[in-house]
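Below: the structure, in structure tokens.
The values are calculated or read from the model by the stated rules, or taken from the named source; none is laboratory data. Since the model is a prediction, treat every value here as computed from it, not as a measurement. FYI the Cβ positions are ideal-geometry reconstructions off the backbone, even for glycines, and counts take in every protein chain you see. When the accessible area is computed, the model is the full protein with side chains, heavy atoms only, and any ligands, DNA or RNA have been set aside. Shrake-Rupley method; radii C 1.70, N 1.55, O 1.52, S 1.80 Å.
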Amino acid sequence: MENIQTTKTQNFFRILLGLFMITAAIGHFTFQRTDFQAQVPNWVPLDKDLVVILSGIVEIALGLCMIFLTRYKVIVGIALAVFYVLVFPGNIAQYLNKTSAFGLDTDQARLIRLFFQPVLIFLALWSTGAISYLKRKY
């Protein structure tokens, strides 16, 4: 896979997303663990704490890759976008079940949060040059 050139602005947001993912992963393992457990939909057939730990491991790996694996940034950006899609049902479940977590204690706050997931997906693809790569390829 070719290495797509990205701007300083894209690189800034790529690194920022990486730091965001690492911070979120730390929260999975420590001070936000209960909040993350509250987001795991009831239909997931695994222990909620196990899901939180496993997703935290994935988040720290993706965060580190976003920062340091610049040669593979397109693949990492696509992987991060897919991850954001996969965890989106947790955000939907939090809204539908009226679960308070992360300070989101109103329906309005939980609904507004739903609109930020597409922004994260876009940033993961744009900041890594994945959008340019996919446009060229397809």
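Out of PHE83, PHE36, PHE13, PHE68, one residue alone is modelled with pLDDT of 95 or more, over 11 Å from the mean Cα position of the chain (by Cα) and buried (at least 17 other Cβ atoms within 10 Å of the Cβ). It is PHE13.
What number of residues within the stretch 97-110 satisfy the criterion of being assigned to a helix (DSSP H, G or I) and either under 17 Å from ASP35 (Cβ atoms) or open to solvent by less than 70 Å² (accessible area, probe 1.4 Å) (or both)? I'd like the intermediate steps shown before the answer.
Step one: filter the stretch 97-110 for residues assigned to a helix (DSSP H, G or I), giving 107-110.
Of the ones still in play, those that are also either under 17 Å from ASP35 (Cβ atoms) or open to solvent by less than 70 Å² (accessible area, probe 1.4 Å) (or both) are 107, 109-110.
Number of matching residues: 3.
Of everything in the stretch 111-136 that is within 23 Å of ARG71 (Cβ to Cβ) and aromatic (Phe, Trp, Tyr), the residue that is surrounded by the fewest Cβ atoms within 10 Å (Cβ to Cβ) is PHE122. Residues that are surrounded by fewer than 18 Cβ atoms within 10 Å (Cβ to Cβ), part of a helix (DSSP H, G or I) and in contact (Cβ under 8 Å) with a residue 24 or more places away in the chain within the stretch 39-53 comprise just one, ILE53.
Looking only at the stretch 18-33, count every residue that is open to solvent by less than 50 Å² (accessible area, probe 1.4 Å) and either more than 22 Å from ASP105 (Cβ to Cβ) or touching a His at 6+ places or on another chain (Cβ under 8 Å) (or both) and tell me the total. Of the residues in the stretch 18-33, 4 are open to solvent by less than 50 Å² (accessible area, probe 1.4 Å) and either more than 22 Å from ASP105 (Cβ to Cβ) or touching a His at 6+ places or on another chain (Cβ under 8 Å) (or both).
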